[in-house]
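For reference, the structure discussed in these notes is given below.
The values are calculated or read from the model by the stated rules, or taken from the named source; none is laboratory data. In this text the structure is predicted, and so the values were computed from the model without any measurement. Glycine also receives a Cβ, built like all others from the backbone with ideal geometry; neighbour counts cover every protein chain displayed. Note: areas computed on protein heavy atoms with side chains; ligands, DNA, RNA excluded. Shrake-Rupley method; radii C 1.70, N 1.55, O 1.52, S 1.80 Å.
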Amino acid sequence: MIARLVLPLLLAVVAIDASAADRREILDRIAGDFIVPRYQALADATGEQKKVWDSFCAKPSAAGVDDLQAAFHKVADAWSSIEIVRYGPISKDFRHERLAHWPERRNAVSRALESVLRWNEEAILTPKRFAGSSVAGQGVTAMERLLTDVYKREALAVGGEWSKYCALGRAIAGSQADVSAAVLNEWIGKNGLRESLATADENTLREAVTRIATDLLAAYEFVDDLKLGAIMGPELGKSRAAMAEGRRSGRPTRIIVLNLEAMRALTRISLDTEDDQVIDALDNAIRMARDLPPQFATLADDPKRRWRLVLLRDMIWSARNLSQTTIPPALDITLGFNSLDGD
Amino acid sequence: MIGLGSAVGATLTAGAGHAADGPLYVTAVKGDDGAHAVAAFTADGVVRFKTRLPGRGHDAVRRPGTNEVIVFARRPGDWATVVDLATGQVRQVILAPKGRHFYGHGAFVTDGQLLHATENNMATGQGVIGLYDATDHYRRKGELPSFGIGPHELAPRPRAGGLVIANGGIRTHPDSGREMLNADAMEPGLAVLDPETGDCRLKADLGPDNRGLSIRHLTVARDGTTFFGCQFHGDPFDMPLLVGAMTPDGRIHFLDMPDEALAALNNYVGSVALDRSGEVVAVTSPRGGTAAFWDRASGRYLGRRPMPDVCGLAAAAAPEAFVLTSGNAGIATTQIPFESIERLGAPDLSRWVWDNHVLLT
């Protein structure tokens, strides 16, 4: 059991008695300053990635592969900056699972890609058909796998097989662009969620705030326990570096940093203040995470450096505890407890 | 000890005398005032009562032939309340004896006389089944072994006989809250207790291939087959099947499902139920925000539905339909094979935080 350096809970918790107007204002802030810009960035990045794949496949080249990699990293950055949100249109049609598939269990991503590669190219490039394939083969992790494992194996072997990999890349890029555009549109388009929240009744508003706050608190568990804890292992010699999210593309630490930055931004916007202990705790955690090497798991089995990961987890743990105490009263909500604290 | 005096029993929402209107769904809930309570609502989503509890409740059981429902504290709580379904009033608070705590579930076997409650012997860590005489103010008459550690849900087996107990295999102690004290030595399994003799009629474990699984919740079909749901405490990058069946003679097999549906359960099942016809098995996963369904007879996987923070699960009025409750998305119904989830009921139902289990009375 990792020793926890829980900050003393010397909090003057500010509780409010929120009216429907207050909740509407909070949601408008969260949507306008956090959710919509980040889905816009995701839609832009996935749209660009789709174009890059289309032009690469029209004329494959070594330089073009660099463009594919760059486009992938932009999409992955955009996704890591909004993935903590599960409320809203992202929850429809298994979209969240289609954009990300981590933790990967039973080698699901590779199996999904191999399964689709058995199709003919026309089938792969039929969006409706591809959307019905395993969700594990459609997301950021799948694209990473295609650009690393498969690509390395077939490096620029421009020929019959490569054109099939190209079709798969275009299909994944197309699916990500379609999903991202649909999510954005269902937030900001006519009759979109943002518009309906503007006129929603009090219960709908309360539920929306509650769901977003639950997403925020669930993100702590996901980042702390799974993305960091399960990878570094319970003790020296028990790390699982190969399982780290983004390991193949050198992104494990970057993902943690982007997730934490997203949590900080959502916290700040929700509380409408920079002056809060949760923000301070998250700032400490972000600083500490930024100082880690790109593959943070290299520290996990090093007796002289493992403490840096332990300390990072302690910082996140502190922010998590403070959030649980601060956020529900500040937003005048009662948080759900089944997923966070079941039995 | 929790202060049990004035905190208990104020019925916050009036609604007396409605038990005869049809079945009620009874469940622990946290209101928008943050207070823990037990609430009852009708099949069409009308709240009949909401009564304050001394702390967070877990499951409830109906005493056969009466209007009494017993609501248990969540583990490791030491209280259970007897609630009158007709009025919503608390009739009595039952306390676990010194050295024991409740695990949150109870059952009656054949009639409404003896309440069986899963409990922990804190000194030894062994599970016990506390026996409470409902005809004598729920006086504790004694206890029987649960034949395992960490007993959780239990249910009588129609036709097959006996009381089947999910021994989760996880040892805890109130001094350390809910911390798992035996992570390296879990021995989960199902035991069938003969409530007359106290003997173990059969015991089935999950075998060495399923290390890390904890059986927590179950339901029993009319033919005596037990369907159970597990939580996985092993390597988070593993993904074992989580839902299984035990035949009346004790053979265990798991219900298959596609990998991506299994991944959506996120290694956690919180409730198990059968529909009204007894032909559809359903489970919920609050950690995965998913409910999943199988055909009972063939074991064929039927599909899944997303619902955030879903855990409470009970048969709906129609066959092949279920009532689902959530910590942050109210109450819904879903009908097989339709792909949708329909919201149920009045605004109160989506304002409150619904806890792990819902009982169809």
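Filtering the stretch B:317-361 to residues that are acidic (Asp, Glu), open to solvent by 10 Å² or more (accessible area, probe 1.4 Å) and within 9 Å of another protein chain (Cβ to nearest Cβ) leaves only B:Asp348. Out of curiosity, is B:Val272 of a type in the set (A, V, I, L, M, F, W, C), within 24 Å of B:Gly104 (Cα to Cα) and more than 14 Å from chain A (Cβ to nearest Cβ)? No, not satisfied. Is at least one residue of the stretch B:309-316 facing chain A (nearest Cβ under 10 Å) and either in contact with a His (Cβ under 6 Å, 6 or more places away or on another chain) or more than 24 Å from B:Thr42 (Cβ to Cβ) (or both)? Looking through the stretch B:309-316, at least one residue is facing chain A (nearest Cβ under 10 Å) and either in contact with a His (Cβ under 6 Å, 6 or more places away or on another chain) or more than 24 Å from B:Thr42 (Cβ to Cβ) (or both).
Of the residues making up the stretch A:258-295, those that are of a type in the set (Val, Ile, Thr) and in a loop (DSSP other than H, G, I, E, B) number 1.
The lone criterion from (1) away from chain B (no Cβ under 14 Å); (2) open to solvent by less than 50 Å² (accessible area, probe 1.4 Å); (3) over 19 Å from B:Gly289 (Cβ atoms); (4) in contact with a helix residue (DSSP H, G or I) (Cβ under 6 Å, 6 or more places away or on another chain) left unmet by A:Ile82 is number (3).
Conditions tested, residue by residue: (1) surrounded by fewer than 22 Cβ atoms within 10 Å (Cβ to Cβ); (2) not in a helix (DSSP H, G or I).
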{"position": "A:Val209", "(1), (2)": "no, no"}
{"position": "A:Thr214", "(1), (2)": "no, no"}
{"position": "A:Ala230", "(1), (2)": "yes, no"}
{"position": "A:Ser239", "(1), (2)": "no, yes"}
{"position": "A:Arg247", "(1), (2)": "yes, yes"}
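Within the bounds of the stretch B:38-50, is there any residue that is of a type in the set (A, V, I, L, M, F, W, C), surrounded by fewer than 23 Cβ atoms within 10 Å (Cβ to Cβ) and free of Cβ contacts under 8 Å to residues at least 24 places away in the same chain? For the stretch B:38-50, residues of a type in the set (A, V, I, L, M, F, W, C), surrounded by fewer than 23 Cβ atoms within 10 Å (Cβ to Cβ) and free of Cβ contacts under 8 Å to residues at least 24 places away in the same chain: absent. Among all positions in the stretch A:299-312, there is at least one residue which is part of a loop (DSSP other than H, G, I, E, B) and either within 29 Å of B:Gly77 (Cα to Cα) or open to solvent by less than 60 Å² (accessible area, probe 1.4 Å) (or both). For the stretch A:267-296, the set of residues classified as free of Cβ contacts under 8 Å to residues at least 60 places away in the same chain and either of a type in the set (Val, Ile, Thr) or in contact with a His (Cβ under 6 Å, 6 or more places away or on another chain) (or both) consists of A:Thr273, A:Val278, A:Ile279, A:Ile286, listed by residue number.
Screening the stretch A:122-139 for residues that are closer than 21 Å to A:Gly47 by Cβ and open to solvent by 20 Å² or more (accessible area, probe 1.4 Å) and picking the one that is nearest to the other protein chains (Cβ to nearest Cβ) gives A:Ala131.
Against the numbered list (1) touching an Asp or Glu at 6+ places or on another chain (Cβ under 6 Å); (2) open to solvent by less than 10 Å² (accessible area, probe 1.4 Å); (3) farther than 13 Å from B:Ala155 by Cα, B:Leu242 comes up short only at (1).
Here's the yes/no breakdown for (1) within 25 Å of the chain's Cα centre (by Cα); (2) among the β-branched types (Val, Ile, Thr):
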| residue | (1), (2) |
| --- | --- |
| A:Thr46 | yes, yes |
| A:Gln49 | yes, no |
| A:Ser55 | no, no |
| A:Ala63 | no, no |
| A:Gln69 | yes, no |
| A:Thr126 | no, yes |
| A:Phe130 | yes, no |
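Strands (runs of 3 or more DSSP E) fully within the stretch B:144-223 that include at least 2 residues being open to solvent by less than 60 Å² (accessible area, probe 1.4 Å) and free of Cβ contacts under 8 Å to residues at least 40 places away in the same chain: none found. Residue pairs whose Cβ atoms lie under 6 Å apart, sitting 6 or more positions apart in sequence or on different chains, and linking a residue in the stretch B:52-63 that is within 14 Å of chain A (Cβ to nearest Cβ) and closer than 17 Å to B:Trp352 by Cβ to a partner that is buried (at least 22 other Cβ atoms within 10 Å of the Cβ) and of a type in the set (Phe, Trp, Tyr), are B:His58/B:Phe72.
Going by the conditions given, is A:Trp102 of a type in the set (A, V, I, L, M, F, W, C) and away from chain B (no Cβ under 14 Å)? Taking the combined requirement at face value, the residue does not satisfy it.
Condition check ((1) among the aliphatic types (A, V, I, L, M); (2) within 14 Å of another protein chain (Cβ to nearest Cβ); (3) more than 21 Å from A:Ala100 (Cβ to Cβ)) across all residues:
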residue: A:Gln176; (1), (2), (3): no, no, no
residue: A:Ala200; (1), (2), (3): yes, yes, yes
residue: A:Leu226; (1), (2), (3): yes, yes, no
residue: A:Ala230; (1), (2), (3): yes, yes, no
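Examine the stretch B:136-150 for a residue that is acidic (Asp, Glu) and over 24 Å from B:Thr27 (Cβ atoms), and state whether such a residue exists. Yes; the residues of the stretch B:136-150 include at least one that is acidic (Asp, Glu) and over 24 Å from B:Thr27 (Cβ atoms).
I'm trying to understand the selection: among the residues of the stretch A:311-325, which are modelled with pLDDT under 95 and of a type in the set (Ser, Thr, Tyr)? A:Thr325 - this is the single residue of the stretch A:311-325 that is modelled with pLDDT under 95 and of a type in the set (Ser, Thr, Tyr).
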